[in-house]
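**Student:** Supplied in structure tokens, the structure appears directly below.
The values are calculated or read from the model by the stated rules, or taken from the named source; none is laboratory data. Being a predicted model, the structure only gives us computed values, none of them experimental. Backbone-built Cβ (ideal geometry, glycine too); neighbour counts: all protein chains shown. Calculation scope for accessible area: heavy atoms of the full protein, side chains included, ligands and nucleic acids excluded. Shrake-Rupley method; radii C 1.70, N 1.55, O 1.52, S 1.80 Å.
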Amino acid sequence: MAKSSGSGAHQQMSLDLLPSALLATVMTKLDIASIRSLACTCKAFHSCASHMLCFIPSFHLLDIAPPAEYIRPLLPPNPYLRSLKVDCMRLDDSSLDSLLQPTLQELCLHNCADFSGRLLSQVGQYCKGLRFLYLSSLAEKRGRSIDVSDLEVLFGGCTQLETLILMFDVSMFLRHNFARVWSIAPTTLVSLEMGYISSVMVTELLSPPVAPYQSIEHIRPSILPGIQKLCLSVDYITDTMISTITNNINCLTHLDLRDSPIMEPRLAFDLTNAGIQQINLHGRLKHLSLVRSQEIFPAYFKRVNDLGILLMADRCSDMESICLGGFCQVTDTGFRTILHSCSKIFKLRIYHGPHLTDLVFHDIAATSLTLTHVSLRWCNLLTNHGVARLVSNGNLSVLDLRDCRNIGDDALRTISNLSELKALLIDGSDISDMGLSHLSKGAMRSLVSLSIRGCKRLTDNCISFLFDESSNCELRELDLSNIPNLSDAGILLLAKRRIPLLELRMRQCPLISDTSIMVLASMKVDEEGWYGSSLRLLDLYNCGGITQLSFQWLKKPYFPRLRWLGVSSSVSRDVLDALSRNRPFLHIVFHGEELGMTGQWDNSDDLYMHDYDEVDELEQWLEGENEGDEDIQEAENNADPML
């Protein structure tokens, strides 16, 4: 609205004149990211955003880890709050009063290492209407403890709980009371996930207790009778555990088991043909994952062969997703049985399949399968011919062929025909620059995530082959790590293409230097864009030419959206501390950990599903523009020239 003055000038009506109730009504329809974007545009929106924190139904803040002094004003008492998701890396028990509100139905608290087990009991006392609870890294800091009584209070208070995800070492609970407490778990519980628990504790937890003077043959009520989804990371996957799960959970539709043995399992602590054929006795299972990880010790499922897979497949005709990892005795016969018996399957993952060859997919065109997600990691007998047969199923949206050493340019030629492909991971394969040119003619138009880590034949030319100037590229995540011949010239080509990447990994590239950082910091994705592209994640771990000069370009205002940064452990601690003061919400990783990996379950099919904010308005809202350049400069002056 506008009004005319005597001189004919027009004056805009100020937003301050609009009813605050009207502004608040509009803003309550937005998520926290949109609200904080509006709050930075004018004083009226800033004031309204501050007041309407008492009315928003959802508060999701996982991209940064706010300290206690920021979380308190952001979470005032709110009778309308239903969903809360927060990164608690800088919080502890003193923040419980702000976090735990009685109207919550969904609560997700990540990185709770500084909290004690009291968090569990407080949730049970104050969030009695809770239906979904996610807790990670609870009490992992030294000196913190978890008493089983805290879990008991949680179950006693949250009687409507449907999903419980405990992503930490559950074996920290006292074992002799642990199983008893689970007997009072809410009957409404349908989904249970645990970060780590011993196989013995799983067996005890799911085995109904025998009362004194009661016959073993007496029918006993099941523990957790309504569970439909069970995801556990254990020390050993055993026949006994499989039998206990199958016999005591009748409604199971989703089973995900993962183990990491520290030594070669003995027969009593291993999975055999006898155990695997007990899976899905009730015929309701839709999703199955059995993975033996080699992270700690190179152990495999040596007591399961094709016969065990054949017997299991008889009950898996309605299965929709199967993941098998570490089954070193299973051959093409067993894997082909799965494809031909499970006509409804659309997700197939096989890890460490040393006997899997092209023959598995020889006649896949004759089946009625509609595969959308396929992962074949560490299957070194798979060749270009097998990939060609596989991609004849043109519905693939995720294809993971990491560490399949015999995959080459011919495979990329056929993969380029996949018009719906969103994520492609071909780490460690035998591809060349010219091979990548095939992607630019087809699949690159739909790809959102691409990983070519460790492909030794690639050079700077791979960038120009991938990103044709005339192509319409949707790529947001790119992994160029461990490519020996990738240099600053390649990154310059990438910057010239103005690809709006959200994640860029260049770890262990010896020829990457300060020049690459300067180029990335100075680039724009469009004429009116922010400096530093749109990068949210930048991994520079162990890059050969990174010196203290790069840290001049990693401070504000460059890389305005950056949330994750990986650098070498040799970086001066003073420089890192100064950068942390300049960018307090930046996750800086310097021990070689993979950036942005928050969960332990395989999520390769969700690689391109991240929900990123446009800009970093939250930092502006909370603390304003905080330069801190003097700290960086002083630290660099005191640091060694080579980091």
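**Student:** What ³J(HN,Hα) values, in whole Hz, does the Karplus curve 6.51 cos²θ - 1.76 cosθ + 1.60 give for the stretch 412-421 when θ = phi - 60°, with x put for Gly and Pro?
**Tutor:** 3J(HN,Hα) across the stretch 412-421, in whole Hz: 5, 4, 7, 4, 4, 7, 7, 6, 10, 5.
**Student:** Assuming 0.36 nm per residue, please report the length gained on full extension of the stretch Ser343 to Asn177 beyond their Cα-Cα distance.
**Tutor:** Full-extension gain reported as 55.4 nm.
**Student:** Which far-off residues, 5 or more places away or on another chain, put their amide H under 5 Å from the one on Cys323, with H placed in the peptide plane?
**Tutor:** Result for Cys323 returns Leu288, Ser289, Leu290, Arg349.
**Student:** Sticking with this one: Report the semi-axes of the equivalent ellipsoid for the stretch 56-142 in whole Å, largest first, where each axis is √(5λ) for an eigenvalue λ of the Cα gyration tensor.
**Tutor:** Working: eigenvalues 66, 44, 26 Å².
Listed largest to smallest, the semi-axes of the stretch 56-142 are 18, 15, 11 Å.
**Student:** Here's something else I'd like to know. Heavy atoms only, probe 1.4 angstrom, no DNA, RNA or ligands counted: give me Arg292, Arg561 ranked by accessible area, highest first.
**Tutor:** Largest accessible area first, the residues go Arg561, Arg292.
**Student:** Shifting gears a bit: Under a 1.4 angstrom probe, counting protein chains only, how are Ser191, Ser570 ranked by accessible area, largest first?
**Tutor:** Greatest to least solvent exposure: Ser570, Ser191.
**Student:** Right, here's the next one. Using a 1.4 angstrom probe and counting only protein chains, how large is the accessible area of Asp239 in Å², to 10?
**Tutor:** About 40 Å², ignoring ligands and nucleic acids.
**Student:** Something else: What FRET efficiency would be calculated for the residue pair Thr103, Lys524, taking the C-beta separation as r and a Förster radius of 45 Å, to the nearest 0.05?
**Tutor:** E(calc), rounded to 0.05, equals 0.55.
**Student:** Over 27 Å between Cα atoms: which of Lys85/Lys286; Lys29/Lys344; Lys128/Lys229; Lys302/Lys422 fall into that group?
**Tutor:** Those over the limit are Lys85/Lys286; Lys29/Lys344; Lys302/Lys422.
**Student:** Could you report the accessible area of Glu204 in Å², rounded to 10, computed with a 1.4 Å probe on the protein chains as they sit in the structure?
**Tutor:** Only protein atoms counted, so the area is about 70 Å².
**Student:** Keeping every protein chain in place, order Leu310, Leu535 by accessible area at 1.4 Å, biggest value first, i.e. largest first.
**Tutor:** Largest to smallest exposure gives the sequence Leu310, Leu535.
**Student:** Also, quick follow-up: How much length is gained on full extension from Ala68 to Asp410, taking 0.36 nm per residue of separation minus their Cα-Cα distance? Kindly include the intermediate steps, with their values, before the conclusion.
**Tutor:** Details: separation 342, 0.36 × 342 = 123.12 nm, distance 5.47 nm.
Taking Ala68 through Asp410 to full extension adds about 117.7 nm, to one decimal.
**Student:** Determine by what factor the alpha-carbon radius of gyration of the stretch 170-319 differs from 2.2 N^0.38 Å, reporting the quotient.
**Tutor:** 1.05
**Student:** In whole Hz and in residue order, list the ³J(HN,Hα) couplings for the stretch 79-85 that follow from phi through the Karplus curve 6.51 cos²θ - 1.76 cosθ + 1.60, θ = phi - 60°; x for Gly and Pro.
**Tutor:** Working through the residues one at a time gives x, 9, 6, 10, 10, 9, 9 Hz.
**Student:** Kindly write out, for the stretch 563-580 in residue order, the coupling ³J(HN,Hα) from the Karplus curve 6.51 cos²θ - 1.76 cosθ + 1.60 (θ = phi - 60°), rounded to whole Hz, with x marking Gly and Pro.
**Tutor:** So the Karplus estimates, Gly and Pro as x, are 10, 10, 9, x, 10, 6, 5, 7, 5, 4, 4, 5, 5, 5, 5, 5, 5, 5 Hz.
**Student:** Report the extension gain between Ser317 and Gln160 in nm, rounded to one decimal, defined as 0.36 nm multiplied by the number of residues separating them, less their alpha carbon distance.
**Tutor:** 53.2 nm
**Student:** As a test question: what accessible area, to the nearest 10 Å², does Ser149 have when a 1.4 Å probe is rolled over all protein chains in place?
**Tutor:** Roughly 50 Å² of Ser149 is accessible to a 1.4 Å probe.
**Student:** Taking 7 Å along the Cα-to-C-beta vector as the label spot, tell me the Ser572-Leu267 distance in nanometres, rounded to one decimal.
**Tutor:** In this crude label model, Ser572 to Leu267 measures out at 6.3 nm.
**Student:** Per the Kirkwood treatment, what hydrodynamic radius in Å, one decimal, follows for the stretch 381-537 from the mean inverse distance over all distinct Cα pairs?
**Tutor:** 15.6 Å
**Student:** To continue, here is another question. Which of rounded, prolate or oblate describes the stretch 389-474 when judged by the alpha-carbon gyration tensor and an a/c cut-off of 1.5? Provide the component values of the computation, followed by the final result.
**Tutor:** Details: a/c = 1.62, a/b = 1.04, b/c = 1.55.
Oblate is the answer for the stretch 389-474, as a/c is 1.5 or above yet b/c matches or exceeds a/b.
**Student:** Additional query: List every residue whose amide H lies under 5 Å from the amide H of Cys108, counting only residues 5 or more places away in sequence or on a different chain, with H placed 1.01 Å from N in the peptide plane.
**Tutor:** Leu84, Lys85, Val86, Tyr134
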